[in-house]
Amino acid sequence: MDYQSELLDLRRNLLSMGALVEQRVTRAIEAIVDHDLDAAQQVRKGDDEIDDMEVRIEQAAMRLLALGHPVAGDLRFILSVMRINSELERIGDLARGCAKRFMRLSNYESIPLPDALTDLAFAARTMLSDVLAALSNEDQALCQQVRRSDRRVDDLQRAVLVWAREEIPRHVSATAAAIEVLAIAQRFERIADIATNIAEDVIFVVAGRMVRHSRD
Amino acid sequence: MTPASTMEHTPTHLDVASSPTRSAESETPGTPAIMVGKFSAWYGAFQALHEVTLEIPARGVTAFIGPSGCGKSTFLRWINRMNDTIVSARAEGVLSLHGEDLLSRSLDVVDLRRRVGMVFQKPNPFPKSIFDNVAFGPRLHRVYSRNDLEELVEQSLRSAALWNEVKDRLHSSALGLSGGQQQRLCIARAIAVGPEVVLMDEPCSALDPKSSASIEDLIRDLRARYTIIIVTHNLQQASRVSDMTAFFYEGKLIESGLTELVFTNPSQKQTEDYVTGRFG
């Protein structure tokens, strides 16, 4: 095997998968902001490509582990690739979930969406974009920024919850729609959480420090 | 630490005096057995080692890694004064075993080699019986009683995980053993004289994977009783068997530390590049 080329390919494929997942999240947000059901339908359908990439990346990482005997930075990178790979696939699933929930929402009585939902969606997307840039540039400072952003996302999710608490008693007929809004908010909050996990994986790759479950 | 000393080549002669100064059992795991301070070595005008400073813990396995010509074998050979046979070899700095200056001209080299055993790349049993190979060292150190010798040979062969395979043919030629068995016999021969330190210079490089695995198992078993230093080009082997790893490059000690750290998060870029196969 050509160890160095396979390692480079692995990196390239993971970044490509990241770009594809980011595009999927952006499309889901556009669908919600522009009330674009076609865009939502596209996001809902297009998961196979991400699933295929996930399997290919995992196979390539396993091959490198088995045949290349990686150590040090290479070992940390491959272990993190395996984790980031499934984390990205999960984000793809969550983007699909957002699109599905939005399509369901459109069947109910129309309600004005809370600003906190769109702010939350954009904040989660920014965290994802930043962490992918940090992965590409091995940028620890940007990873720390992503970790700090998670607090704002939690605040925004709480703001959506407050909105629902006030909206449901006011318009009981909009209860089902409000539940869909809460479900969408929860999915974007999960995307932000996963972006934070990826930031911690990138810090592990670059510095060899395990910062999960710590405030470092 | 002992004061720095210098040493020129001094021819030595074998002497059968046995003076066990310290038993391996008296060492505490983790405390330094060998102290090295600003140790430099030359072959004539060529400087093979540059001011190496290192502590080698007792009762554990330390691996020396590095590309060919980096000085790791030279360093190993200074620990039991194998370089005494090379006229142009000289060294300076601190090299001590439990505080005893290994570079001292007055050091009893025969006794040192009892305390510091060595296992070489290719198994080198003597053309004698299995029993006589293991009994060779003890006899040299004046163990003559048949009962004592039999007990020592059995203990050593058991420690080297070879007893069950050879107990019924102890008086057959050692040359009839397989490569892996011969190497375990050489380890039994090295430990029969009760060394504190066992040096291993590429002990598995001439063996097939199964025999290598059995030697690695043996090294893991022996680490509780002996201070083991292994020179190896096989990085996977170093990472599997050693507690500490020291990386040498161009005669300099670049990095040393816990093997787990050296192989997962080395502090020096040269170490990272070497262990990931980017050079060497």
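No lab work stands behind these numbers, since they all come straight from the coordinates. None of the values given here were measured: they were computed from a predicted structure. Neighbour counts run over all protein chains shown; Cβ positions are idealised from the backbone, glycine included.
The helix-based estimate of mean residue ellipticity at 222 nm for chain A, built from -39,500 (n - 2.57) per DSSP H run of four or more residues and divided by its residue count, is -30000 deg cm²/dmol to the nearest 500. Under conditions of 10 °C and 1.306 mPa s, chain A yields 88 µm² s⁻¹ as its translational diffusion coefficient, taking Rh as the Kirkwood radius over Cα pairs in the Stokes-Einstein equation. Here segment B:49-110 and segment A:13-36 have alpha carbon centers that stand 61 Å from each other.
Taking Cα atoms only, the orientation of helix A:175-207 departs from the longest principal axis of chain A by about 20 degrees.
For residue B:53 and residue B:236, the difference between the fully extended length at 0.36 nm per residue and the C-alpha to C-alpha distance is 63.4 nm. Only lysines eight or more places from residue A:45 in sequence, or on another chain, were considered; those with a Cα closer than 26 Å are A:100. Of the residues B:248, B:268, B:214, the one whose Cα sits farthest towards the positive end of the charge dipole of segment B:204-277 is B:214 (charges of +1 on Lys and Arg Cβ, -1 on Asp and Glu Cβ, taken about the Cα centre).
Provide the gained length on full extension for the span residue A:2 to residue A:214, in nm with one decimal, where the gain is 0.36 nm per separating residue minus the Cα-Cα distance. Could the numbers behind the result be given before it?
Working: separation 212, 0.36 × 212 = 76.32 nm, distance 3.74 nm.
The residue A:2-residue A:214 span can extend by a further 72.6 nm.
Compactness check for segment A:171-216: Cα Rg over 2.2 N^0.38 Å is 1.81. Beta bridges assigned by DSSP with both partners in the protein assembly as shown are antiparallel in approximately 60 percent of cases. Considering every alpha-carbon pair of chain B, the percent of pairs per 10 Å bin, from zero through the bin containing the longest distance, is 7, 29, 36, 22, 6, 0.
With Cα atoms defining each centre, segment A:142-180 and segment A:71-85 are spaced 34 Å apart in the structure. Convex hull volume of the C-alpha atoms in segment B:42-169, normalised per residue: 157 Å³.
Taking a ≥ b ≥ c as the square roots of the eigenvalues of the Cα gyration tensor, segment A:119-171 is prolate, since a/c reaches 1.5 or more and a/b is larger than b/c. For the pair residue A:179 and residue A:66 in one chain, pulling the backbone fully straight at 0.36 nm per residue adds 36.0 nm over the alpha carbon distance.
Which value results for Rg/Rh of segment A:25-144 when Rg is the Cα radius of gyration and Rh the Kirkwood radius based on the inverse mean 1/r? Mind showing how you got there, number by number?
Details: Rg = 17.7 Å, Rh = 16.3 Å.
Rounded to two decimals, Rg over Rh is 1.08.
Computed over the Cα atoms, what is the radius of gyration of the protein assembly as shown divided by 2.2 N^0.38 Å, N being its residue count? Walk me through the numbers on the way to the answer.
On the way: Rg = 32.2 Å, N = 496, 2.2 N^0.38 = 23.3 Å.
That works out to 1.39 for the protein assembly as shown.
With a/c under 1.5 counting as rounded, go ahead and sort segment B:156-220 into rounded, prolate or oblate using the C-alpha gyration tensor (a ≥ b ≥ c being the square roots of the eigenvalues; past the cut-off, prolate if a/b is larger than b/c, else oblate). Oblate.
Here the spin labels are modelled as points 7 Å beyond Cα on the Cα-Cβ line, and at residue A:154 and residue A:141 they lie 2.6 nm apart. Measure up B:122/B:252; B:167/B:210; B:72/B:167; B:128/B:210 against 32 Å on the Cα-Cα distance and list the ones that go over. Over 32 Å Cα-Cα: B:72/B:167. Ranking of B:196, A:58, A:22, A:189 by neighbouring Cβ atoms within 10 Å, starting from the fewest: A:58, A:22, A:189, B:196.
Across chain B, the longest piece that holds none of the chymotrypsin sites (Phe, Trp or Tyr not before Pro) lying in DSSP loops with up to 11 other C-beta atoms within 10 Å covers B:1-143. Please report the relative contact order for chain B, taking Cα pairs under 8 Å with a sequence separation of at least 6, and give it as a percent rounded to a whole number. Reported as a whole number, the value is 26 percent.
Helix-derived [θ] at 222 nm for chain B: sum -39500 (n - 2.57) over DSSP H runs of at least 4, divide by residue count, nearest 500?
On the way: 10 runs with 91 residues, N = 280.
Counting only the DSSP helices, I get -9000 deg cm²/dmol.
Applying the Kirkwood pairwise sum to the alpha-carbon positions of segment B:49-110 produces a hydrodynamic radius of 13.0 angstrom.
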